[in-house]
Ligand code: PLZ
């Protein structure tokens, strides 16, 4: 079976034609109606990237209530890697719905939770003994990873990095770097969280990975002290912070330092995990073996599930009953995760992510050579971005970024922006998108740059 013929590519079924189709302006009248109701009913703090009323999605498209079909270059923020309404996921979840919907795993356990843990233990980097625990959201899993690391090391401090994003709960807001919109006014934040400088090749004057790691480690030693530090948490490629790929050697040096200093190294693979970067986990590109890996998003084809997977001795240090939650590892989400993992494997989606990466990097680098406003193109697999700048000064150009995104949205292409400075356009297509749609979507983005 070729990748293009795979059932996942056909996700969404025959009724969802894989095309960009605009039959009204965006938003059309029905979407506008929903936006009016949303403004009256939903808290103003809950935003939206594009003002549409979604009725269906699959393969590489999202269809709205007015009949517009948008090219999806966001996957609901890196979630629907296996495609929306992936047939394997739909079938597995439907069967589970008909069997039972909830018992609470910590009350009355079931097979699929254990099977997901077994899969995660096998798929995450390293062949040491591992254990997993399941939760609902990325933030909840990050909180639990920190909780476990503190309990294991009997230390309290946690180091996160510049440009980091780890969630919106109280502890994870504290770990997250960017103030607006994530933190401003929402404090006070949890204590014992410290920040270290990242490796950001485009903006740190060409520091090597080893130099950037030495800078971070010196700061940690001088300002926190290894004897107080429970864990370092880092995204192997920073997501919300701007798709920042650290210089080679940065992550391995941090891991080595953690190992030598009884500090738990936590990889937040919430956005980078599950094939997104052309490997099961982005840690693999740097050959690192994290002590603890946090996953969510791409794990369950759109159902809410997250996990903490780590060295058995670390994970097992929490007392019986010390980890849990009503819904963590809900049976529907576990069924979806098992079906998603099967789809990544059987439908060749990790290879597909590599191919998508080649298309993205090829096209964007070609644009860059002709347009000095594209300061940097970076990323791996189906997680690639361009950073837009003032060509004279290199200053971040958030206004241009907003214009390009608005052009794409108006023309039926859903792209996301990110970055501490709001000047990064990121591409996170479902791995089930066709080359044709991907190239067409990039063409619309390029047109946005030309006309801005
Ligand atoms: N860690 C690396 O990317 C979620 C945030 C969307 P939750 N990123 C998308 C938004 O605006 O809220 C994320 C992440 C990394 C943790 C999280 C948090 O995951 O499932 O959103 O809690």
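Determine, yes or no, whether residue 207 is within 27 Å of residue 319 (Cα to Cα) and buried (at least 17 other Cβ atoms within 10 Å of the Cβ). Here the answer is no, as residue 207 does not meet what is asked. Looking at the stretch 94-104, can you tell me whether even one residue there is in contact (Cβ under 8 Å) with a residue 60 or more places away in the chain, within 16 Å of the ligand (Cβ to nearest atom) and surrounded by fewer than 20 Cβ atoms within 10 Å (Cβ to Cβ)? Taking every residue of the stretch 94-104 in turn, none turns out to be in contact (Cβ under 8 Å) with a residue 60 or more places away in the chain, within 16 Å of the ligand (Cβ to nearest atom) and surrounded by fewer than 20 Cβ atoms within 10 Å (Cβ to Cβ).
Quick one: is residue 130 crowded, with 19+ Cβ neighbours inside 10 Å and touching a helix residue (DSSP H, G or I) at 6+ places or on another chain (Cβ under 9 Å)? It would help to see each step written out before you state the result.
On the way: crowded, with 19+ Cβ neighbours inside 10 Å: yes; touching a helix residue (DSSP H, G or I) at 6+ places or on another chain (Cβ under 9 Å): yes.
Spelling it out, residue 130 is indeed crowded, with 19+ Cβ neighbours inside 10 Å and touching a helix residue (DSSP H, G or I) at 6+ places or on another chain (Cβ under 9 Å).
Is it true that residue 242 is away from the ligand (no atom under 15 Å from the Cβ), assigned to a loop (DSSP other than H, G, I, E, B) and either out of contact with any helix residue (DSSP H, G or I) (no Cβ under 9 Å at 6 or more places or on another chain) or at pLDDT below 95 (or both)?
no
The values are calculated or read from the model by the stated rules, or taken from the named source; none is laboratory data. None of these values were measured; they are calculated from a predicted model. Cβ: placed from backbone, ideal geometry, glycine included. Neighbour counts: every protein chain shown.
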